[in-house]
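What follows is one structure encoded as structure tokens, with my remarks underneath.
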Amino acid sequence: VEWVEKLATTPGVKDIQLRFKDTSDYSVILDRIKKSQSLCKENSVRLWINDYWRAAIEAGECFGIHLGQEDMASCADDGGLEKIRSAGLAFGVSTHSYSELAAALGVRPSYISLGPVFATSSKDVKFNPQGLETVRQWRRLIPTDIPLVAIGGISDAEIAKSIRDAGADCSAVIGAVTKAEDVATSVHLLNTAMQ
């Protein structure tokens, strides 16, 4: 929640995705979502919740949900995709392969992410870096009304520009901001690169 507070008040930050790496306790997650949502709402920042769609719906006022492939499948099995849509939440889906892209396209998400585009240390992933050619391929395969979000190893504005030039509509970053000496400058440079 500390990073949400810092980022929500940083000029140029439009979206924050909240991931829970240190707990699976539902009440703790729900409390963090509510606190984060309050901070985001005060600063007109859209809050996305990673995987915990039930808590996001219960907390209310979140902008959207991001689902990995396994979570998307279990969410769909539980009728969650309809519940997410009924709650008015956007939802994005991770993809790492052609079969996952096909599954994502089948549920018509608000966006599709591809990753990791480059090597990353922010998350332990079982897929090799996809590279810019895969970004180009995904952009050709995804309808133009579904944004493509590139994730993984986007550590600075120059790399962000390369994924934008390859066809990504947006980049999702962690270290490019959290490890920056000057967060506001890093956000500004990343936003400029993605225009």
* To do: Can you tell me how much longer the chain between Thr9 and Gln69 gets when fully stretched, taken as 0.36 nm per residue apart minus their C-alpha distance, in nm with one decimal?
  => 18.5 nm
* To do: Taking all protein chains together and a probe of 1.4 Å, list His66, His188 from the most accessible to the least accessible.
  => His188, His66
* Structure fact -> Per the charge dipole of the stretch 52-195 (beta-carbon charges, Lys/Arg positive, Asp/Glu negative, Cα centre), the residue among Ala172, Ile142, Ala104 reaching farthest to the positive end is Ile142
* **Nearest-10 value in Å² for the accessible area of Glu42, using the 1.4 Å probe** => 130 Å²
* Distance between the stretch 123-195 and the stretch 1-44 - C-alpha centres, whole angstrom -> 21 Å
* Structure fact -> Here the relative contact order (percent) of the stretch 1-50, from C-alpha pairs under 8 Å and at least 6 apart, is 53 percent
* Got a sec? Charge dipole of the chain, +1 on Cβ for Lys and Arg, -1 for Asp and Glu; which of Gly68, Val117, Ile49 is way out at the positive end? -> Val117
* Asked: If contacts are Cα pairs under 8 angstrom and at least 6 residues apart, what is the relative contact order of the chain in percent?
  -> 15 percent
* Structure fact -> Length gained, Glu2-Asn191, 0.36 nm per residue minus C-alpha separation, equals 65.8 nm
* So what is the accessible area of the stretch 54-134 per residue, in Å², with the probe set to 1.4 Å? -> 48 Å²
* With +1 on each Lys and Arg Cβ and -1 on each Asp and Glu Cβ, how big is the dipole of the stretch 82-195 about its Cα centre, in debye rounded to the nearest 20? -> 340 debye
* Just round it to a whole percent: the fraction of Cα-Cα distances in the chain exceeding 22 Å. => 47 percent
* To do: Leaving ligands, DNA and RNA out of it, rank Ser36, Ser44 by accessible area with a 1.4 Å probe, largest first.
  => Ser44, Ser36
* When all protein chains stay in place, what accessible area (Å², nearest 10, 1.4 Å probe) is found for Ser38? -> 60 Å²
* Using unit Cβ charges (K, R positive; D, E negative) and no other charged atoms, how large, in debye to the nearest 20, is the dipole of the stretch 1-112 about its Cα centre? -> 380 debye
* Label-to-label distance, nm, for residues given as Lys35 and Ala87 (7 Å Cα→Cβ offset) -> 2.0 nm
* Rounded to the nearest 10 Å², what accessible area does Val173 show when all protein chains are kept and the probe is 1.4 Å? -> 50 Å²
* Quote the charge dipole size of the chain about the Cα centre in Debye, to the nearest 20; the model charges only the Cβ of Lys and Arg (+1) and of Asp and Glu (-1). => 320 debye
* **Share of carbon and sulfur in the accessible heavy-atom surface of the chain [1.4 Å probe, %]** => 51 percent
* Structure fact -> Which of Lys34/Lys83; Lys21/Lys179; Lys34/Lys179; Lys41/Lys179; Lys21/Lys161; Lys34/Lys161 exceed 22 Å between C-alpha atoms? The answer is Lys34/Lys179; Lys41/Lys179; Lys21/Lys161; Lys34/Lys161
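The values are calculated or read from the model by the stated rules, or taken from the named source; none is laboratory data. Quick caveat: nothing in here was measured; it's all calculated off a predicted structure. Methodologically, a virtual Cβ is constructed for each residue, glycine included, from the backbone with ideal geometry; neighbour enumeration extends over all protein chains shown. Keep in mind that these areas ignore ligands, DNA and RNA; they rest on the heavy atoms of the full protein, side chains included. Shrake-Rupley method; radii C 1.70, N 1.55, O 1.52, S 1.80 Å.
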